[in-house]
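Colleague: If you scroll down you'll find the structure; I have some questions about it.
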Amino acid sequence: MALIVQKYGGTSVGDPERIRRVAERVCRFRREGHDMVVVVSAMGDTTDELVALAESVSAAAGKRHPREMDMLLTAGERISMALVAMAIREAGQEAISFTGSQAAIITDSTHTGARIEEVRAGRVREELNRGQVVIVAGFQGVSRTHEVTTLGRGGSDTTAVALAAALNAERCDIFTDVDGVYTADPRKVPTARRIEHVTYEEMIELAVAGAQVMHPRAVEIGARYGVPIRVLSSLVDGEDGGTLIAGKERGMEDPALTGVASEKGWAQLVLRGLPPEMRTMTTVLSRLTEAGVSVDLLTQVDRADGRRLVQITVAEDEVEEAERTCEAVVRELGGERVDVQHGLARLALVGSGMHKRPGVFAQAFETLRREGVDVHSVSAASTSIILMVAAEDEARALTMLHDAFGLGAAA
Ligand code: ADP
Ligand code: ASP
Ligand code: MG
């Protein structure tokens, strides 16, 4: 019999009835003889409520008091881990719950966005050997200086896959409120279809681009340690269907695109009239790095009069800092001005099948032109194309591209 790690998200443990359902499912696997480690998220909207509570005491609490934010938010998972352990015991199996710290999920010390450095799985293993189902609070860990940390929103997936890697588990099951990974967020694109098998690389691209169903770092760990990940619905009985995230050779006839994803909350800055020299870009980038702003897309163009234009996209919550910094750089280099465009959405077309396939760009632009959607900037890598559009065009553009590339249900 195998060791299986299962993770249940917020909706899956959203109320006592659902917690009992989780307990029944876990007990069924246990009775079949599997060793079970269960990672849980906070119940329902608990984390959002705790964030709102913090912000009612201190605006921007996460930025101003990151340590205390972590102390607060870890309480959410602590509630559900204890309740799930109790429900499993009531259903007839032995169970014990651990906080991230007790389960020795060792992280760096970056509060509200810590990275797992090591999982010392000794204690979890000991309890498994005693026949216990081990419940671990997701999304949290402890630093080497004994501070409680969290892994960033959605981070319970990462706890689960990291534990599966450390324990050499047969696989990691992610139970959520959809029955798999779809070709697009089914809440935004009605024609989205479930994907049966997606590669780690494609899933990372989709997750980074806003497909919330998996935390990107969870998939990175899965890829690095070769942990097969299954995404399944906890709201239906049984484990049919779902999506397998694993390595896979692509077939020659596989479609160009695997899926699309999108995210609002982006802005674009255009720095005009700069000197056409290498130092222009290096100055812009190093000043932004010093200011703690991360740059997403980046382009430069030289005008007919010889002056250079630099265009960057940044997250909307960093745009003020970015604008201040860029204005200072433009002054320093004797440029003309900075223009800022707020309210953009970032669309990603993802698929390893699009590599070396001509016409994907043309088809994407033609589709958007027909719909009257302007593209503000664009970039391409081997498995993805990124397009920035106005936020109000997001859902429409996403649906049009999704269907134009044959990902829709009718295809
Ligand atoms: P959990 O609380 O279980 O971690 P999340 O809310 O984090 O669940 O993730 C599940 C949600 O992700 C779904 O309800 C769905 O709306 C959204 N989602 C976004 N993109 C996708 C996609 N490509 N496939 C499936 N779900 C997606
Ligand atoms: N409860 C945390 C969140 O809402 C972690 C998670 O659910 O994965 O972000
Ligand atoms: Mg999630």
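Colleague: Show me the GluC sites (Glu not before Pro) within the stretch 46-137 that DSSP assigns to loop and that have at most 14 other Cβ atoms within 10 Å of their Cβ.
Modeller: Loop-located and lightly packed - GLU94.
Colleague: With Kirkwood's inverse mean 1/r over C-alpha pairs for Rh, give me the Rg to Rh ratio of the stretch 148-217, two decimals please.
Modeller: 0.98
Colleague: Residue-wise, which Karplus ³J(HN,Hα) couplings in Hz belong to the stretch 279-289, taking 6.51 cos²θ - 1.76 cosθ + 1.60, θ = phi - 60°, and x for glycine or proline?
Modeller: 5, 4, 5, 5, 5, 4, 5, 6, 5, 5, 4
Colleague: For the stretch 33-132, what number results from the quotient of the Cα radius of gyration and 2.2 N^0.38 Å?
Modeller: Working: Rg = 15.8 Å, N = 100, 2.2 N^0.38 = 12.7 Å.
Computed over Cα atoms of the stretch 33-132, the ratio equals 1.25.
Colleague: Extent of the stretch 275-331 along each principal axis, from alpha carbon coordinates, in Å, largest to smallest?
Modeller: 34, 18, 15
Colleague: Here is a follow-up. Among the GluC sites (Glu not before Pro) in the stretch 143-237, which ones are in a DSSP loop with at most 12 other Cβ atoms within 10 Å of the Cβ? Mind listing them?
Modeller: In loop regions of the stretch 143-237 (DSSP not H, G, I, E or B), the sparsely surrounded GluC sites (Glu not before Pro) are GLU196.
Colleague: Is the C-alpha gyration tensor of the stretch 341-388 telling us rounded, prolate or oblate? Criteria: a/c under 1.5 is rounded; beyond that, a/b larger than b/c is prolate, otherwise oblate.
Modeller: Because a/c hits 1.5 or more and a/b fails to exceed b/c, the stretch 341-388 counts as oblate.
Colleague: Which of the lysines could a cross-linker bridge to LYS7, judged by Cα under 26 Å and excluding same-chain residues fewer than eight apart?
Modeller: LYS188, LYS248
Colleague: Something else: Test of understanding: what is the full-extension gain from MET86 to ALA380, defined as 0.36 nm times their sequence separation minus their Cα-Cα distance?
Modeller: Taking MET86 through ALA380 to full extension adds about 100.9 nm, to one decimal.
Colleague: Around HIS376, which amide H atoms from residues at least 5 apart in sequence, or from another chain, sit under 5 Å from its own amide H, with H modelled in the peptide plane?
Modeller: MET388, VAL389
Colleague: With axes computed from alpha carbons, what is the tilt in degrees of helix 16-31 against the longest principal axis of the chain, rounded to the nearest 10 within 0 to 90?
Modeller: 70 degrees
Colleague: Okay, which of the stretch 299-314 sit inside 13 Å, backbone N to the point 7 Å along the Cα-Cβ direction of PHE365?
Modeller: No residue qualifies, since no backbone N sits under 13 Å from the label point.
Colleague: Further question: I need the phi-derived Karplus couplings for the stretch 298-313: 6.51 cos²θ - 1.76 cosθ + 1.60, θ = phi - 60°, integer Hz, Gly and Pro marked x.
Modeller: Ordered by residue, 3J(HN,Hα) equals 8, 9, 9, 9, 9, 7, 4, 7, x, 7, 9, 10, 10, 10, 10, 10 Hz.
Colleague: While we're looking at this one, here's another question. From the C-alpha gyration tensor of the stretch 1-91, pull out the three semi-axes of the equivalent ellipsoid (sqrt of 5λ each), sorted largest to smallest, in whole Å. Could the numbers behind the result be given before it?
Modeller: Working: eigenvalues 198, 33, 15 Å².
Working through the eigenvalues yields semi-axes of 31, 13, 9 Å.
Colleague: Straight-line reach from LYS264: which aspartates and glutamates have Cα under 12 Å away, leaving out those fewer than 8 places along the same chain?
Modeller: The qualifying aspartates and glutamates are GLU316, ASP317, GLU392, ASP393, GLU394.
Colleague: For the stretch 96-224, just the Cα atoms, rotate onto the principal axes and tell me the three extents in Å, largest first.
Modeller: Sorted from largest, the Cα extents of the stretch 96-224 read 46, 34, 24 Å.
Colleague: Let me ask another. Helix 360-370 versus the longest principal axis of the chain: what angle, 0 to 90°, nearest 10, using Cα atoms?
Modeller: 70 degrees
Colleague: Could you tell me the center-to-center distance, by alpha carbons, between the stretch 157-201 and the stretch 130-150 in angstrom?
Modeller: Between the Cα centre of the stretch 157-201 and that of the stretch 130-150, the gap is 22 Å.
Colleague: List the trypsin sites (Lys or Arg not before Pro) within the stretch 192-262 that fall in a DSSP loop (any state other than H, G, I, E or B) and whose Cβ has at most 15 other Cβ atoms within 10 Å.
Modeller: The qualifying sites are LYS248, ARG250.
Colleague: For the stretch 206-347, taking Cα atoms only, what is the radius of gyration to one decimal and the Dmax to the nearest whole Å?
Modeller: 20.8, 67
Colleague: Something else now. With all protein chains present, how much of the accessible area of the chain (probe radius 1.4 Å) comes from carbon and sulfur, to the nearest whole percent?
Modeller: The nonpolar share, carbon plus sulfur, comes to 49 percent.
Colleague: What 222 nm value per residue comes from the helices of the chain, counting each DSSP H run with n ≥ 4 as -39,500 (n - 2.57) and dividing by all residues, nearest 500 deg cm²/dmol?
Modeller: Dividing the helical sum by the residues of the chain leaves -11000 deg cm²/dmol.
Colleague: Excluding ligands, DNA and RNA, what is the solvent-accessible area per residue of the chain at a probe of 1.4 Å, expressed in Å²?
Modeller: Per residue, the chain has an accessible area of 45 Å².
Colleague: Right, something else. Given H placed on each backbone N at 1.01 Å, which residues far from VAL39 in sequence or on other chains put an amide H within less than 5 Å of it?
Modeller: Correct list: GLN6, LYS7, TYR8, VAL136.
Colleague: For the stretch 392-403, what does the Karplus curve 6.51 cos²θ - 1.76 cosθ + 1.60, with θ = phi - 60°, yield as ³J(HN,Hα) per residue in whole Hz, taken in order and with x for Gly and Pro?
Modeller: My calculation for the stretch 392-403 gives 5, 8, 3, 5, 5, 4, 5, 5, 4, 5, 3, 6 Hz in order.
Colleague: Step by step: find N for the chain, compute 2.2 N^0.38 Å, then divide the Cα radius of gyration by it. What's the final number?
Modeller: Working: Rg = 23.2 Å, N = 411, 2.2 N^0.38 = 21.7 Å.
Normalised Cα radius of gyration, the chain: 1.07.
Colleague: Where does helix 156-166 land angle-wise versus the long Cα axis of the chain, in degrees 0 to 90, nearest 10?
Modeller: Approximately 70 degrees, to the nearest ten.
Colleague: Further question on the same structure: Taking R0 as 51 Å, what's the FRET efficiency between GLU126 and GLU17 from their Cβ-Cβ distance, rounded to 0.05?
Modeller: Calculated transfer efficiency: 0.95.
Colleague: May I pose another question? If the viscosity is 1.567 mPa s and the temperature 4 °C, what translational diffusion coefficient in µm²/s does Stokes-Einstein give for the stretch 203-269 when Rh comes from Kirkwood over Cα pairs?
Modeller: Value of D from the Cα-based Kirkwood radius: 92 µm²/s.
The values are calculated or read from the model by the stated rules, or taken from the named source; none is laboratory data. Here the structure is a predicted model, which means the values were calculated and not measured. Cβ sites come from the backbone with ideal geometry, for glycine too, and all protein chains shown count toward neighbours. For the accessible areas, the whole protein counts, side chains as well, though only heavy atoms, and no ligand, DNA or RNA atoms are used. Shrake-Rupley method; radii C 1.70, N 1.55, O 1.52, S 1.80 Å.
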